[in-house]
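The values are calculated or read from the model by the stated rules, or taken from the named source; none is laboratory data. Owing to the predicted nature of the structure, the values given are computational and were not obtained by experimental measurement. Neighbour counts run over all protein chains shown; Cβ positions are idealised from the backbone, glycine included. Only protein heavy atoms, including side chains, enter the accessible area calculation; ligands, DNA and RNA are left aside. Shrake-Rupley method; radii C 1.70, N 1.55, O 1.52, S 1.80 Å.
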Amino acid sequence: MELAAAKMIGAGLACIALAGAGNGIGIVFGNYLSGALRNPGAASSQTTNLLLGFALCEATGLYGLVIALIILFT
Amino acid sequence: MAMSPMEQFEVKPIVPLHLGGYDVSFTNQSLFMCLVVAAVTLFFALAVSRPKLVPGKMQSMGEISYEFVANMIRSTSGDAGLVFFPFVFTIFFFVLFSNFLGLIPGAFTVTSQIVVTFALAALVICTVVLVGFARHGFGFLKLFVPKAPWYILWLLVPIEVISFLTRLVSLSVRLFANMLAGHTMLQVFAGFVVALGAAGLLAPLAVAPMLMIVFIGALEMLVAFLQAYVFAVLTCIYLNEALHLHDHH
């Protein structure tokens, strides 16, 4: 029983990684928006970098989630 | 209800087959890979079946896809990168179609298996290394030596080597984790609907997770496209490094 409980707690702890991902995505889009409002002409040329930054940020959080899922389901 | 959210990722053999001690069964994974390839082929076959000067609906979709990938390569690695157009195009559309095909309820998501994404990422990294050595010979190794004073280089070179090798892991795990997490989330919310629907008086509340599934489904559509896009863009960026080393295009 302790093992099952420890697994649950561990999975929950692993999900804390998602907080960082949320933070990062907020920073990416927030900074893009403030930059885009200052210089709307250059905004469309930076969408590649925007999406790239978003995906890279999101992935770091998902690593934590994958670890949580591995802990729970193996 | 009692179904585990991970059950959908289970690879089940359809035609069991063993060759020389190896399990080479035709699985639902293989079936959906074939379906993905068939879907991509059908899409582009229809797009170019009756080419006209003024494109119709299907033809313009094909042309837009071509332009989209071509622009992606041009903006990241310049015109020299267009040599790799077929490679990037194939990878992009394989990943895109397997992501989208996986979103159909009941379908199997090919890219939710790490073996598939890892193989794709390994293909990309091997291509990068081969192209780098073919283009620059042993000069390719300069990629791992940044411009820095010698007393810091002994620290930087191992870091560069490790960061190059970690791309293999990050490229594959990013796609795999996104697909896995998205589909698990959908399944978990579907479980909420079933649980609430069987809860007697609380049954009308089941509409809430149902709506949530619709929203997450829409988000998953975005993620499916975005992950294919990111995979392809990162492939271009890595190829660009192999083509031009550190000097800019």
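Given the convex hull of the Cα atoms of segment B:177-218, what is a quarter of its surface area in nm²?
Result: a mean projected hull area of 2.5 nm².
Taking a probe of 1.4 Å, how large is the accessible area per residue of chain B, in Å²? Show your work: numbers first, answer last.
On the way: 13600 Å² over 249 residues.
Value returned for chain B: 55 Å² of accessible area per residue.
Can you tell me the 0 to 90 degree angle between the C-alpha axis of helix A:47-73 and the longest principal axis of chain A, rounded to 10?
Orientation of helix A:47-73: about 0 degrees from the principal axis.
In chain B, which whole DSSP H runs stretch at least 20 Å along their own axis (Cα) and average 0.0 or higher on the Kyte-Doolittle scale?
Counting only whole DSSP H runs, the qualifying helices are B:28-47, B:85-103, B:114-136, B:150-197, B:207-244.
Of B:Trp150, B:Met221, A:Ala55, which is farthest on the positive side of the dipole of the protein assembly as shown, counting Cα position, with +1 on Lys and Arg Cβ, -1 on Asp and Glu Cβ, and the Cα centre as origin?
Going by the Cα projections, it comes out as B:Trp150.
Can you give the translational diffusion coefficient of segment B:164-249 in µm²/s, computed by Stokes-Einstein from the Kirkwood radius over Cα pairs at 10 °C and 1.306 mPa s?
102
Going by amide H atoms built from the backbone, whose H comes under 5 Å of the H on B:Phe26, apart from near neighbours?
Here the answer is B:Ile14, B:Val15, B:Leu17, since their amide H atoms fall under 5 Å of that of B:Phe26.
Cα centroids of segment B:148-200 and segment A:1-67: how far apart, whole angstrom?
Centre-to-centre (Cα) distance: 10 Å.
If you place +1 on the Cβ of every Lys and Arg, -1 on the Cβ of every Asp and Glu, and leave all else neutral, what size is the dipole of the protein assembly as shown about its Cα centre, to the nearest 20 Debye? All intermediate terms of the calculation are to be shown ahead of the outcome.
On the way: 12 positive and 12 negative charges, 97 e Å.
In debye, rounded to 20, the protein assembly as shown gives about 460.
Name the residue from B:His244, B:Ala206, B:Phe164 whose Cα lies farthest towards the positive end of the charge dipole of the protein assembly as shown, charges +1 on Cβ of Lys and Arg and -1 on Cβ of Asp and Glu.
Ranked along the dipole, the leading option is B:His244.
How would you order B:67-78, B:40-51, B:142-153 from highest to lowest mean count of nearby Cβ atoms within 10 Å? Walk me through the intermediate numbers first.
Numbers: B:67-78: 17.2, B:40-51: 13.4, B:142-153: 11.3.
Taking the mean over residues of other Cβ atoms within 10 Å, the ranking is B:67-78, B:40-51, B:142-153.
What Kirkwood Rh does segment B:76-177 have if only Cα atoms enter the pairwise 1/r average? Answer in Å.
On the way: mean 1/r = 0.0630 Å⁻¹.
Final number for the Kirkwood radius of segment B:76-177 is 15.9 Å.
Kirkwood Rh, chain A, all Cα pairs: how many Å? Could you put the intermediate results ahead of the total?
Values: mean 1/r = 0.0716 Å⁻¹.
After inverting the pairwise mean of 1/r, the radius is 14.0 Å.
What is the Cα radius of gyration of the protein assembly as shown over 2.2 N^0.38 Å, N being its residue count?
1.13
What residues in segment A:29-61 lose 30 Å² or more of accessible surface when the other protein chains are added to their chain alone (1.4 Å probe)?
Buried by 30 Å² or more upon assembly, which counts only protein chains, are A:Thr48, A:Leu51, A:Leu52, A:Phe54, A:Ala55, A:Leu56, A:Glu58.
From the Cα gyration tensor of segment B:42-103, with a ≥ b ≥ c the square roots of its eigenvalues, which class applies: rounded if a/c is under 1.5, or else prolate if a/b is larger than b/c, or else oblate?
Judged from the Cα gyration tensor, segment B:42-103 comes out oblate (a/c at least 1.5, b/c at or above a/b).
Return the equivalent ellipsoid semi-axes of segment B:16-80 as a descending list in whole Å, where each equals the square root of 5 times an eigenvalue of the C-alpha gyration tensor.
Here the semi-axes work out to 36, 19, 8 Å.
So how much accessible surface do B and A hide from each other in total, probe 1.4 Å, in square angstrom to the nearest 100?
Buried: approximately 1400 Å² between A and B.
Please compute the Cα-Cα pair-distance distribution of chain B with 5 Å bins starting at 0, giving whole percents from short to long.
Computed distribution, short to long bins: 1, 6, 10, 13, 14, 14, 12, 11, 8, 6, 3, 2, 1, 0, 0.
Count, for each residue of B:160-168, the Cβ atoms from other chains sitting within 10 Å of its Cβ, then give me the mean as a whole number.
0
Using +1 at the Cβ of each Lys and Arg and -1 at the Cβ of each Asp and Glu in chain B, identify which of B:Thr41, B:His18, B:Met179 lies farthest towards the dipole's positive end.
B:Thr41
With everything on Cα atoms, drop me the angle between helix A:2-14 and the longest principal axis of chain A, reported from 0 to 90° to the nearest 10.
Roughly 10 degrees, rounded to the nearest 10.
Would you compute, from DSSP H runs of 4+ residues alone, the mean residue ellipticity of chain B at 222 nm, taking -39500 (n - 2.57) per run and dividing by the full residue count, rounded to the nearest 500? List each step's numbers first, then the result.
Values: 6 runs with 169 residues, N = 249.
So the calculated ellipticity at 222 nm is -24500 deg cm²/dmol.
Would you work out the relative contact order for segment B:1-122, in percent, from Cα pairs under 8 angstrom that are 6 or more residues apart?
23
Using the Cα centre as the reference, give the magnitude of the dipole from point charges on the C-beta atoms of chain B (Lys, Arg: +1; Asp, Glu: -1; all else neutral), rounded to the nearest 20 debye.
340
Residue by residue through B:184-192, how many Cβ atoms from other chains fall within 10 Å of the Cβ on average?
The mean count of partner-chain Cβ atoms within 10 Å per residue comes to 1.
Rounded to a whole number, what % of the accessible area of segment B:26-82 do carbon and sulfur atoms account for, probe 1.4 Å?
Numbers: 2510 of 3420 Å².
Of all accessible area on segment B:26-82, carbon and sulfur atoms account for 74 percent.
Averaged across the residues of A:62-72, what count of C-beta atoms belonging to other chains lies within 10 Å of each residue's C-beta?
4
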